[in-house]
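Chemist: A single structure is presented below for examination.
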Amino acid sequence: MKVDLLIRRVCVDDDRPLVDIAIRDGRIAAIEAGIEVDAAQEIDAAGRAVIPGLVEPHMHLEKALLHRRLPPTQGTLEEAIRVTGILKSRQERHDVLERSRTVLDMAVRNGTVAIRAHPDVDLIQGLIGVETLLELREEYRDLLDIQVVAFPQEGIIKSPGTIALMEEAMGIGADVVGGCPYNELNWDDTVRHIDAVFEMAQKHDADIDMHADFSDEATDQRFAAAGYIAQKTIDSRFQGRVSLGHVTSLGALDPEELKPVLQLLREAEISIVTLPATDLYLGGRNDQKNPRRGLTPVRALQGAGVNVAYSSNNIRNAFTPFGNADMLLIGNLLAHAISYGTPEHQAAILGMATGNAARAIGIDGSYGIAVGRQADLVILDTARVADALLDIPARSWVIKRGKITVVTRHTCDIHRHGCKCPAHGESTAENKQGSSAANA
Ligand SMILES: [Zn+2]
């Protein structure tokens, strides 16, 4: 047997000996110790940990990196909506492409192998977000997989003309029908919005991904639509094909109110995508004391068997001022926010960034570290998988469909006695020369 890539001495499971991973035709061909095979290319992982490639199930590229254009002065939600509205009306193609590429490059470097992007489709910026992403989906095809959602951020019923634009987006190649049902004027229109999204998804045989229930409270029904969406999913036989982002108002329900909603969500096989950077930043803003964290109840959702993933959402804009498109960093943030600190909890967070996120965007059939699966892998510069969220280590090698896409060379900044790193070590004549020159 000849393979394209052989990864030597890698840690897949902290409790088991190191293994080799052989990759052929973009897929994992074998996982075992001491594989004897001809390989076109080899990596010696030297005991480093490997995880499946990270997946961002929810991102806004065309609104990323706007933080210096009209910098907020107060940092309130009202201001964020206002300044982003102004900036959205001025979107220009080359600028959108450039900022999107910067974020995609960050994501690739950080080991992300798939992104579901939610470009706004509305009368303010038209289809520029969808069109640029369709172009980037081709440009980046060897680095990561991009799914494009037709996302009506400004509502559907209250913004006539949007449904036609969404149809156009689906017609030119968007993959997923989006929704923003809370951004309507009343509950009747929220229902009509949701129904329109399902109708379009059925017509195009496309999956659904909506922003839903984004509020600290569930008292206004427009922000308490999860139950209706779940029932609609079941009635439409769309189980396993619907994901919802934010869903923060679920966190405001009493346990006995929450329980039936959780049961419906599980029955509908809906994935919930929590967006901790945004939700923590914007949540609980009007609380004068004991400010709420404003996240969906991850622990209760997982306890009820609902698939939960997380994502970066925005990168550096008025809604989310920080972000590096690094799923491990967001995972560390989420772990703090939901008090997930035990080893099992940390493993659960990593699962939310990998297998759960893959399921949320419908790629779980070919995903994961197993023979026959697509070879999308990240080798971390740490020896234990369990240290991924602790060390937030360098991504030493990133592999997409069996091809190496990123190599991060380890550099040692601290010169100490006995240090053997390439910059300081005594192992080669070249290094010795270098250090004596530096001393001179
Ligand atoms: Zn979003």
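The values are calculated or read from the model by the stated rules, or taken from the named source; none is laboratory data. Remember, predicted model here, so these are calculated numbers, not experimental data. Counting neighbours? That spans all protein chains shown, and the Cβs are built from the backbone with ideal geometry, glycine included. Note: accessible area is taken over every heavy atom of the protein model, side chains too, but ligands, DNA and RNA are not part of it. Shrake-Rupley method; radii C 1.70, N 1.55, O 1.52, S 1.80 Å.
Chemist: Can you name the condition, by its number, that Val103 falls short on among (1) more than 16 Å from the ligand (Cβ to nearest atom); (2) closer than 25 Å to Ala353 by Cα?
Modeler: (1)
Chemist: When only residues in the stretch 263-293 that are at pLDDT below 95 and touching a Lys or Arg at 6+ places or on another chain (Cβ under 9 Å) count, which is surrounded by the most Cβ atoms within 10 Å (Cβ to Cβ)?
Modeler: Gly283
Chemist: Restricting to the stretch 27-76, count the residues that are of a type in the set (A, V, I, L, M) and within 16 Å of the ligand (Cβ to nearest atom).
Modeler: Qualifying residue count, the stretch 27-76: 6.
Chemist: Listed residues Ala337, Ala318, Ala360, Ala309; which is in contact with a Pro (Cβ under 8 Å, 6 or more places away or on another chain) and at pLDDT below 95?
Modeler: Ala318
Chemist: Quick check: is even one residue across the stretch 217-234 within 16 Å of the ligand (Cβ to nearest atom), open to solvent by 10 Å² or more (accessible area, probe 1.4 Å), assigned to a loop (DSSP other than H, G, I, E, B) and farther than 19 Å from Arg192 by Cβ?
Modeler: no
Chemist: Among the numbered conditions (1) over 30 Å from Asp4 (Cα atoms); (2) buried (at least 19 other Cβ atoms within 10 Å of the Cβ), tell me where Ala45 comes up short.
Modeler: Ala45 satisfies every listed condition except (1).
Chemist: Here's another thing I want to ask about it. Count, please, the residues in the stretch 241-268 that happen to be under 18 Å from Gly178 (Cα atoms) and free of Cβ contacts under 8 Å to residues at least 40 places away in the same chain.
Modeler: Of the residues in the stretch 241-268, 3 are under 18 Å from Gly178 (Cα atoms) and free of Cβ contacts under 8 Å to residues at least 40 places away in the same chain.
Chemist: While we're here: Return the residues of the stretch 170-216 that are among the acidic types (Asp, Glu), on the phi > 0 side of the Ramachandran plot and more than 16 Å from the ligand (Cβ to nearest atom); say none if nothing qualifies.
Modeler: Asp205, the sole residue that qualifies.
Chemist: Suppose we filter Gly323, Gly351, Gly331 for residues that are open to solvent by less than 40 Å² (accessible area, probe 1.4 Å) and not in a helix (DSSP H, G or I); which single one remains?
Modeler: Gly323
Chemist: Right, here's the next one. Could you please find all residues in the stretch 342-365 being touching a residue at least 12 places away in the same chain (Cβ under 8 Å) and of a type outside the set (A, V, I, L, M, F, W, C)?
Modeler: Pro343, Gln346, Thr354, Gly355, Asn356, Arg359, Gly362
Chemist: Another question about this same structure. Looking at the stretch 384-406 only, could you name the residues that are part of a strand (DSSP E or B) and open to solvent by 70 Å² or more (accessible area, probe 1.4 Å)?
Modeler: Lys403, the sole residue that qualifies.
Chemist: Within the group Glu79, Glu56, which residue is out of contact with any helix residue (DSSP H, G or I) (no Cβ under 9 Å at 6 or more places or on another chain) and in contact (Cβ under 8 Å) with a residue 60 or more places away in the chain?
Modeler: Result of the check over Glu79, Glu56: Glu79.
Chemist: Let me ask you something else. Does any residue in the stretch 175-204 that is in contact (Cβ under 8 Å) with a residue 12 or more places away in the chain and part of a loop (DSSP other than H, G, I, E, B) come within less than 6 Å, Cβ to Cβ, of a residue that is open to solvent by less than 50 Å² (accessible area, probe 1.4 Å) and small (Gly, Ala, Ser) six or more places away or on a different chain, and which pairs are these?
Modeler: Pro181/Ala225; Asn183/Gly155; Glu184/Gly155
Chemist: Among the strands (runs of 3 or more DSSP E) confined wholly to the stretch 1-104, which include 3 or more residues that are in contact with a Gly (Cβ under 6 Å, 6 or more places away or on another chain)?
Modeler: 2-10
Chemist: Additional query: So which of Asp105, Asp142, Asp120 ends up being touching a strand residue (DSSP E or B) at 6+ places or on another chain (Cβ under 8 Å), surrounded by fewer than 24 Cβ atoms within 10 Å (Cβ to Cβ) and at pLDDT 95 or above?
Modeler: Details: Asp105 fails: touching a strand residue (DSSP E or B) at 6+ places or on another chain (Cβ under 8 Å); Asp120 fails: surrounded by fewer than 24 Cβ atoms within 10 Å (Cβ to Cβ).
Residue meeting the stated conditions: Asp142.
Chemist: Can you confirm whether the stretch 162-169 contains a residue that is assigned to a helix (DSSP H, G or I) and either under 30 Å from Lys400 (Cα atoms) or among the aromatic types (Phe, Trp, Tyr) (or both)?
Modeler: yes
Chemist: Can you tell which of Gly351, Gly402 is in the same structural domain as Ile115 (by TED's automatic domain parsing), within 25 Å of Ala33 (Cα to Cα) and at pLDDT 95 or above?
Modeler: Details: Gly402 fails: in the same structural domain as Ile115 (by TED's automatic domain parsing).
Result of the check over Gly351, Gly402: Gly351.
Chemist: Determine which single condition Arg373 fails, assuming it passes every other condition in (1) more than 16 Å from the ligand (Cβ to nearest atom); (2) not β-branched (Val, Ile, Thr); (3) not assigned by TED's automatic domain parsing to the domain that holds Leu390.
Modeler: Every listed condition holds for Arg373 apart from (3).
Chemist: Within the stretch 105-125, can you find the residues that are part of a loop (DSSP other than H, G, I, E, B) and small (Gly, Ala, Ser)?
Modeler: Once the filter is applied, which keeps residues that are part of a loop (DSSP other than H, G, I, E, B) and small (Gly, Ala, Ser), the stretch 105-125 yields only Gly111.
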